[in-house]
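These notes concern the structure reproduced below.
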Number of protein chains: 2
Amino acid sequence: METASNSVNLALEKSQEAFSAYRKLSPTQRKDILYAIADALEDAANSLVSIAQKETHLPKPRLEGELKRTSYQLRTYSNFLASGLALDIRINPGSTTNEPPIPALAKMNVALGPVAVFGSGNFPFAYSTAGGDTACALAAGCTVIVKAHPAHIETGRAVSEIIRKCISNFNLPDATFQQIEGGFDTGEALVKHPLLKAVGFTGSLKGGRQLFDWGNSREIPIPVFAEMGSVNPVFLLPESLSKEFYGIAEKLSVSIMQDAGQFCTKPGILVAIASEGLEKFKKAIIPLIQKGVPQKMLHEGIFENFERNKSNALTQRGVGRLSYSQTDVSELEAEIIMAETSATFFLSHPDLQDEVFGPYSLLVVCQNEKEMKLVARNLEGQLTTSVFGTSIDLNTAASLLDILKEKCGRTILNGVPTGVRVATSMQHGGPYPACTDSRFSSVGADGIRRFMRPVCFQNWPDELLPPELQKANPLKLWRLVDEIWVKPDIK
Amino acid sequence: METASNSVNLALEKSQEAFSAYRKLSPTQRKDILYAIADALEDAANSLVSIAQKETHLPKPRLEGELKRTSYQLRTYSNFLASGLALDIRINPGSTTNEPPIPALAKMNVALGPVAVFGSGNFPFAYSTAGGDTACALAAGCTVIVKAHPAHIETGRAVSEIIRKCISNFNLPDATFQQIEGGFDTGEALVKHPLLKAVGFTGSLKGGRQLFDWGNSREIPIPVFAEMGSVNPVFLLPESLSKEFYGIAEKLSVSIMQDAGQFCTKPGILVAIASEGLEKFKKAIIPLIQKGVPQKMLHEGIFENFERNKSNALTQRGVGRLSYSQTDVSELEAEIIMAETSATFFLSHPDLQDEVFGPYSLLVVCQNEKEMKLVARNLEGQLTTSVFGTSIDLNTAASLLDILKEKCGRTILNGVPTGVRVATSMQHGGPYPACTDSRFSSVGADGIRRFMRPVCFQNWPDELLPPELQKANPLKLWRLVDEIWVKPDIK
């Protein structure tokens with residue numbers, strides 16, 4: 001602990017010092033840096049993908065796509081910043097002739113300070129060293145300390161070196177971005193350090209809650225945004241099942257099995273009403289799962305958790321195996337499983353809602369609509385909920401849809417929850433335990449807001465205001481002036 | 001505790017039930033209700049002000065102004081809502097021709113659920129029963145449970161009755177708004193209740209931190225926004241002091257003494273460099289404080305805290321009395337005090353930064369600019385920082401101004417921090433301990449965001465989307481479509 005604490009202390013002192021320089025950059029300057037990082041990552045794609053392949057066992061095309069997505073995030077988040085949208089600028093001019101005079105107010109978001117990023121195991125690029133949280137924090141004007149994920153440490157080192165080279169090309173202090181390595185002690189020292197101002201995390205409920213508790217029990221609490229996954233329930237409505245059973249089974253089986261089901265948006269629970277349509281759906285999905293090819297999981301820890309969590313579910317007397325992959329598995333390869341239970345059993349066994357991270361899904365069979373609604377009502381907070389339904393199904397399911405909207409950050413119609421589009425309108429983060437603060441998102445440019453706070457300037461003359469707030473709008477930003485969005489000039 | 005817990009449980013069950021109806025109202029319908037409450041409060045002004053006068057000892061014109069401000073908040077926050085600005089709508093159309101298809105996404109803020117409001121003692125109208133937090137929560141679509149402030153219970157009851165009558169006129173469930181009475185146990189039961197979704201609080205650091213800790217240690221944590229006051233340091237720069245000493249002394253003495261200094265934005269610390277100008281300023285402010293008329297404080301608890309906190313500061317050997325009011329004081333009347341200390345003593349006694357709520361301010365005398373910056377750097381988080389300076393002063397004070405911006409939510413030039421303008425561009429909430437989450441404000445319509453979270457709709461057909469997100473924009477809302485703000489129609 002002593003050593004962890006010393007190196008963390010050094011990192012934060014350097015980060016705080018770098019912050020005083022980095023925060024002064026204009027949105028456009030920050031954009032230039034993020035673009036440079038995006039370009040450099042793409043230039044190094046071959047080498048990065050090959051390192052990550054060895055460490056994570058993820059397929060090459062997936063890693064290539066993920067790296068592109070990482071660059072896309074860096075570019076689009078910094079576009080959002082440079083257009084002013086991340087700054088939430090509000091301007092209300094004053095009046096000196098009024099009695100009493102009305103003060104002139106102008107408000108914009110500024111960076112919180114040094115941010116710690118705990119990347120995810122399953123996204124070595126898009127949610128790790130140069131991933132979404134880093135992109136948001138750097139766009140916000142914060143300095144960043146990444147705690148490297150031990151399961152892909154070489155990938156992390158290579159990406160970190162690329163970022164640090166870009167930072168240095170812009171003549172910024174090295175410590176604008178740092179990556180440190182270490183275990184539990186290092187994480188604890190980081191989150192408890194007085195100079196740290198916020199935390200971004202992607203990972204397990206247990207890990208996220210620990211960071212959240214540390215952050216909130218500090219003498220000066222800091223926001224901890226932890227995205228902790230979910231079971232992403234999918235509701236299969238009767239007419240849709242009966243008519244589209246094969247297409248639905250195909251989409252769902254791909255979504256469950258892809259990359260060994262190692263996605264926080266993997267559909268972990270399917271809910272349907274007993275019917276002929278459901279029987280047809282089962283007949284369709286059973287062979288699709290059987291034909292599924294087991295893939296190597298990310299690392300031993302993930303594999304062991306998968307085996308344990310799967311077995312915790314499957315050994316319950318009310319849970320059966322509907323289908324499983326027929327290929328023999330080698331080391332670290334995950335057998336694919338579709339389990340089945342009744343709504344009654346599901347409702348009386350809340351632990352069946354625990355996430356089983358890997359190629360596993362549980363079909364919950366209801367007797368009727370009422371039971372289906374009960375299942376919906378008993379769900380914990382989720383990243384996503386999905387519904388497969390025809391227009392007739394949906395017309396009769398209004399109250400179910402209402403419940404599902406309440407439970408999640410994103411609700412999907414006739415599609416699967418995996419394949420998270422990176423866009424401002426994305427919401428990735430739902431009610432707890434999906435994440436620690438459902439008011440924010442970890443995907444999309446609005447995630448920048450997690451790391452900023454507003455400062456209001458009262459009665460400052462134009463020349464002493466930050467350019468973002470000056471009358472002529474020299475940076476050409478979107479600004480809300482007397483409740484009207486204007487760009488680029490105030491009359 | 002048993003009784004508190006039972007009544008809180010009943011209140012929350014009713015609140016949750018009412019929420020399922022209230023949340024379905026359109027922004028315009030919510031606006032109509034908030035306007036009706038604003039009108040009803042103004043209609044009852046004479047009676048309300050007279051009840052509040054008896055309970056709080058605040059002067060009639062102040063209470064009349066505060067009631068107008070309360071109605072103004074209700075109206076302007078609901079305007080902000082009805083124009084769509086509180087909904088943070090983001091729309092990114094999809095593409096079915098792309099390979100793979102790009103999903104269509106549309107996102108908007110929705111209400112969190114039942115919100116508890118703990119109003120303030122010093123604002124019986126504007127930050128209590130029908131105050132800012134209630135206005136934000138009702139605008140957001142949340143149901144509200146106010147824990148009545150014991151120091152103005154009759155005012156609270158009268159206001160509550162007016163709100164409930166309005167709610168009932170709109171045929172909404174009574175429990176859309178509830179007020180409960182009780183002590184510590186009631187507060188604890190409320191914040192720990194599983195159905196509660198968020199907390200708004202205005203009051204002391206001790207009280208706010210307690211609620212924050214309860215909220216975060218729940219099995220399912222909830223956001224607790226506590227505005228806990230600050231000492232609002234005012235920096236007096238040399239040329240300004242030397243030229244404008246009298247005007248500054250007048251403004252500051254009024255700001256310190258007004259309504260017995262019972263404002264969370266009262267300037268509690270003045271910082272200046274020893275100089276002739278400072279001597280002139282002292283000579284000017286001494287008689288202004290001496291002539292100050294002691295006023296009755298809100299209640300015995302506040303008075304006793306004031307006496308104790310003031311005495312904690314004044315009994316330290318490095319703190320002297322610069323000036324105090326000369327009129328004898330009767331029961332609950334607060335003697336007005338201006339104290340003085342050196343920067344050296346101030347820097348080595350951090351407890352001198354503790355808020356002394358009442359007509360008290362501490363002048364901190366620095367030897368030079370460097371010491372002044374050291375004082376600035378050692379300040380805790382503040383709601384506001386203020387600077388009095390000429391343009392020459394400000395030209396040489398850039399690094400001081402930078403430090404001050406970092407410490408606060410609002411920074412004021414050549415003015416006092418009291419007199420908080422209600423506007424979207426206001427920021428009321430700064431780094432801890434000023435409030436528990438500096439990313440939000442408790443004054444201004446952006447405060448609505450504290451009680452909402454985004455939900456994203458993926459691939460839903462237009463007719464199944466909420467009207468807020470439908471293509472034709474039937475509610476005529478501001479919406480960010482592909483990163484462009486548009487109103488009222490999407491092409």
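The values are calculated or read from the model by the stated rules, or taken from the named source; none is laboratory data. Model, not experiment: these values are computed from the prediction. Heads up, the Cβs are rebuilt from the backbone with ideal geometry, glycines too, and the neighbour counts pull from every protein chain shown.
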Practice task
Considering every residue within the stretch A:369-385, establish whether at least one is among the acidic types (Asp, Glu), closer than 25 Å to A:ASP351 by Cβ, over 19 Å from the mean Cα position of the chain (by Cα) and in the same structural domain as A:CYS264 (by TED's automatic domain parsing).
Solution key: yes
Practice task
Say whether the condition of being away from every other protein chain (no Cβ under 14 Å), touching a helix residue (DSSP H, G or I) at 6+ places or on another chain (Cβ under 9 Å), touching a residue at least 40 places away in the same chain (Cβ under 8 Å) and under 26 Å from B:THR155 (Cβ atoms) is met by at least one residue in the stretch B:101-115.
Solution key: no
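Restricting attention to the stretch A:107-120, which residues are out of contact with any Cys (no Cβ under 7 Å at 6 or more places or on another chain) and crowded, with 24+ Cβ neighbours inside 10 Å? Show your work before the answer.
In the first step, residues of the stretch A:107-120 are kept if they are out of contact with any Cys (no Cβ under 7 Å at 6 or more places or on another chain); the result is A:108-110, A:116-120.
Correct list: A:MET108, A:ALA116, A:VAL117, A:PHE118, A:GLY119, A:SER120.
Please pick out the residue among B:VAL234, B:VAL254 that is touching a residue at least 60 places away in the same chain (Cβ under 8 Å), surrounded by 24 or more Cβ atoms within 10 Å (Cβ to Cβ) and of a type in the set (Val, Ile, Thr). Steps first, please.
Details: B:VAL254 fails: surrounded by 24 or more Cβ atoms within 10 Å (Cβ to Cβ).
None of the other options fit; the residue is B:VAL234.
Hey, can you tell me all the residues within the stretch B:404-419 that are of a type in the set (A, V, I, L, M), free of Cβ contacts under 8 Å to residues at least 40 places away in the same chain and surrounded by 20 or more Cβ atoms within 10 Å (Cβ to Cβ)?
Here is the first cut: in the stretch B:404-419, the residues of a type in the set (A, V, I, L, M) are B:404, B:412-413, B:416.
If we keep only those that are free of Cβ contacts under 8 Å to residues at least 40 places away in the same chain too, we end up with B:412-413.
B:ILE412 - this is the single residue of the stretch B:404-419 that is of a type in the set (A, V, I, L, M), free of Cβ contacts under 8 Å to residues at least 40 places away in the same chain and surrounded by 20 or more Cβ atoms within 10 Å (Cβ to Cβ).
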Handout entry: Segments classed as strands (runs of 3 or more DSSP E), wholly inside the stretch B:377-483, with at least 1 members that are more than 10 Å from chain A (Cβ to nearest Cβ) and closer than 24 Å to B:THR265 by Cα
Key = B:382-388
Exercise for the section: Check whether at least one residue in the stretch B:321-333 is of a type in the set (Phe, Trp, Tyr), outside any strand (DSSP E or B) and either closer than 23 Å to B:ILE273 by Cα or in contact with an Asp or Glu (Cβ under 8 Å, 6 or more places away or on another chain) (or both), and report yes or no. Expected result: no
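Filtering the stretch B:44-81 down to residues that are of a type in the set (Gly, Ala, Ser) and closer than 23 Å to B:SER26 by Cα, which residue is surrounded by the fewest Cβ atoms within 10 Å (Cβ to Cβ)? Lay out the reasoning, then the answer.
Filtering the stretch B:44-81 for residues of a type in the set (Gly, Ala, Ser) gives B:44-45, B:47, B:50, B:52, B:65, B:71, B:78.
Filter once more, so that each one left must be closer than 23 Å to B:SER26 by Cα: B:71, B:78.
Details: B:SER71: 22, B:SER78: 26.
Among residues in the stretch B:44-81 that are of a type in the set (Gly, Ala, Ser) and closer than 23 Å to B:SER26 by Cα, the one surrounded by the fewest Cβ atoms within 10 Å (Cβ to Cβ) is B:SER71.
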Practice task
Starting from the stretch B:41-58, take each residue that is farther than 12 Å from B:GLY156 by Cα and in a loop (DSSP other than H, G, I, E, B) and list its partners that are modelled with pLDDT of 95 or more and among the acidic types (Asp, Glu), counting only C-beta distances under 7 angstrom and pairs at least six apart or across chains.
Solution key: B:LEU58/B:ASP259
Practice task
Could you please find all residues in the stretch B:7-40 being charged (D, E, K, R) and assigned to a helix (DSSP H, G or I)?
Solution key: B:GLU13, B:LYS14, B:GLU17, B:ARG30, B:LYS31, B:ASP32, B:ASP39
Practice task
Could you run through the stretch B:1-16 and say how many residues are of a type in the set (D, E, K, R) and buried (at least 16 other Cβ atoms within 10 Å of the Cβ)?
Solution key: 1
Handout entry: Residue among A:ILE269, A:ILE273 that alone is crowded, with 17+ Cβ neighbours inside 10 Å, over 23 Å from A:ALA130 (Cβ atoms) and under 23 Å from the mean Cα position of the chain (by Cα)
Key = A:ILE269
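This table checks each residue for (1) surrounded by fewer than 24 Cβ atoms within 10 Å (Cβ to Cβ); (2) more than 25 Å from B:GLU42 (Cβ to Cβ); (3) more than 18 Å from the chain's Cα centre (by Cα); (4) not hydroxyl-bearing (Ser, Thr, Tyr).
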{"residue": "B:ASP133", "(1), (2), (3), (4)": "no, no, no, yes"}
{"residue": "B:ALA158", "(1), (2), (3), (4)": "yes, no, yes, yes"}
{"residue": "B:GLU181", "(1), (2), (3), (4)": "yes, yes, yes, yes"}
{"residue": "B:PHE184", "(1), (2), (3), (4)": "yes, yes, yes, yes"}
{"residue": "B:LYS192", "(1), (2), (3), (4)": "yes, yes, yes, yes"}
Problem - Residues located in the stretch B:228-268, provided they are within 12 Å of B:VAL416 (Cα to Cα), among the β-branched types (Val, Ile, Thr) and not in a helix (DSSP H, G or I) - result: B:VAL234, B:THR265
Exercise for the section: Residue by residue through the stretch B:416-440, note down the ones that are under 11 Å from the mean Cα position of the chain (by Cα) and among the small types (Gly, Ala, Ser). Expected result: B:GLY429, B:GLY430, B:ALA434
